[in-house]
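J.: Once you've had a glance at the structure underneath, I'll fire off some questions.
The values are calculated or read from the model by the stated rules, or taken from the named source; none is laboratory data. This one's a predicted model, so the numbers in the text were calculated from it and none came from an experiment. Virtual Cβ from ideal backbone geometry, glycine too; neighbours counted across all protein chains shown.
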Amino acid sequence: MTTPPAAPPFGALKPTPAASLFLGLARRTGQGRASALLRSLCYRLAGGRSGGPFDLTVFSGQSVRLHPSGNLCEKRVFTSDRHWDVPERRLIDRAAREASGAFHFVDVGANVGLYSLHARSAAAAAGLPLRAVAIEPQPEMLRRLRFNIDASGAGDEIKVCPWAVTGVPQTVRIDAEAGNFGTGRIVEHGGGSTVEVAGRPLVDALDEAGLDRIDVLKMDIEGAEFPALEAFFAAAPRTRWPRYVIIEAGKGSLDQPAIALCRDRGYVVEGRGRLNALLALGQTAQPG
């Protein structure tokens, strides 16, 4: 087997001065359709369609290598980290300010680590250490995740679990949507694009990381949220339940099994982002 060439160190793939100019302009845009169209233009002019990758500093000091042409979250953060998933990031910031001792963040379906690294920035802003778990099974996303954690110097703060979260230990197949490499989902059958990975319950990740509680749980595993959460709530004591949950919901109704499961456990929907629902454990149901 041929050993793949080592990736160049972070900083070797910085955007050109012209690209940096367009990215700076995109970051200064406001809200609304006109601003979104301007950011789309800046994305193209900055070379986002070239395939990349690009080395950038985002979220107040986190170092990432982004591949914007084939992964939606990387595209959006490359164009402007300030405009990416704003309600979700505000919730993380709030939870970090409310945390005590250390900020505990669990990222299920971590992709390339953008949520985990924003959590690191939020913890630093709150003056707290971060204890996080980033769970990602896709080999290519896992490679990018580990690179970004190492580039940011976050290896002692973010534990990586290289497996899928499932209800019971098992081997599963995952496949990704064409054109958006970060949408790996569990499938029963698949062709040449599928890979077999280990599946393990969420409590295993908490045990490996030594987390006795969760301040924020972010879960985006393309429709497999319900069995993962059902097993977690059945196995974990209430003291381990997250105070806040960010869960993939799409753009439609929130009448979904995973969200209904959380509501049955005492969570209330506080809001929603572009594709996620934001839940908080009700005051009468707070663990502890």
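J.: Would you mention how many residues in segment 65-76 are touching a strand residue (DSSP E or B) at 6+ places or on another chain (Cβ under 6 Å) and crowded, with 23+ Cβ neighbours inside 10 Å?
T.: 3
J.: So, one more: Just wondering, is there one or more residues in segment 84-92 that are more than 28 Å from residue 143 (Cβ to Cβ) and outside any helix (DSSP H, G or I)?
T.: no
J.: What is the number of the single condition among (1) surrounded by fewer than 22 Cβ atoms within 10 Å (Cβ to Cβ); (2) part of a strand (DSSP E or B); (3) touching a residue at least 60 places away in the same chain (Cβ under 8 Å) that residue 216 does not meet?
T.: It is condition (1) that residue 216 fails.
J.: I've got another one for you. Considering segment 97-126 alone, what residues qualify as being surrounded by fewer than 24 Cβ atoms within 10 Å (Cβ to Cβ) and at pLDDT 95 or above?
T.: 97, 98, 99, 102, 121, 124, 125, 126
J.: Can I ask one more? Does segment 40-57 contain any residue that is under 19 Å from residue 117 (Cβ atoms), out of contact with any strand residue (DSSP E or B) (no Cβ under 7 Å at 6 or more places or on another chain), in a helix (DSSP H, G or I) and not polar (S, T, N, Q)? Even if it seems obvious, please write down each step before you answer.
T.: Our first condition is that a residue be under 19 Å from residue 117 (Cβ atoms); within segment 40-57, this holds for 52-57.
In the following step, the residues that additionally are out of contact with any strand residue (DSSP E or B) (no Cβ under 7 Å at 6 or more places or on another chain) were identified as none.
No: segment 40-57 contains no residue that is under 19 Å from residue 117 (Cβ atoms), out of contact with any strand residue (DSSP E or B) (no Cβ under 7 Å at 6 or more places or on another chain), in a helix (DSSP H, G or I) and not polar (S, T, N, Q).
J.: Need pairs with beta-carbon distance below 6 Å; first residue under 14 Å from residue 78 (Cα atoms) and modelled with pLDDT of 95 or more and within segment 1-28, second β-branched (Val, Ile, Thr) and surrounded by 14 or more Cβ atoms within 10 Å (Cβ to Cβ); sequence gap 6+ or separate chains.
T.: Filtered contacts from segment 1-28: 26/79.
Okay, residues lined up against (1) outside any helix (DSSP H, G or I); (2) touching a Lys or Arg at 6+ places or on another chain (Cβ under 6 Å); (3) surrounded by fewer than 20 Cβ atoms within 10 Å (Cβ to Cβ):
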{"site": "222", "(1), (2), (3)": "yes, yes, yes"}
{"site": "229", "(1), (2), (3)": "no, no, no"}
{"site": "247", "(1), (2), (3)": "yes, no, no"}
{"site": "263", "(1), (2), (3)": "no, no, yes"}
{"site": "271", "(1), (2), (3)": "yes, no, yes"}
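J.: Please indicate, with yes or no, whether at least one residue in segment 135-157 is out of contact with any Cys (no Cβ under 6 Å at 6 or more places or on another chain), modelled with pLDDT of 95 or more and closer than 24 Å to residue 262 by Cβ.
T.: yes
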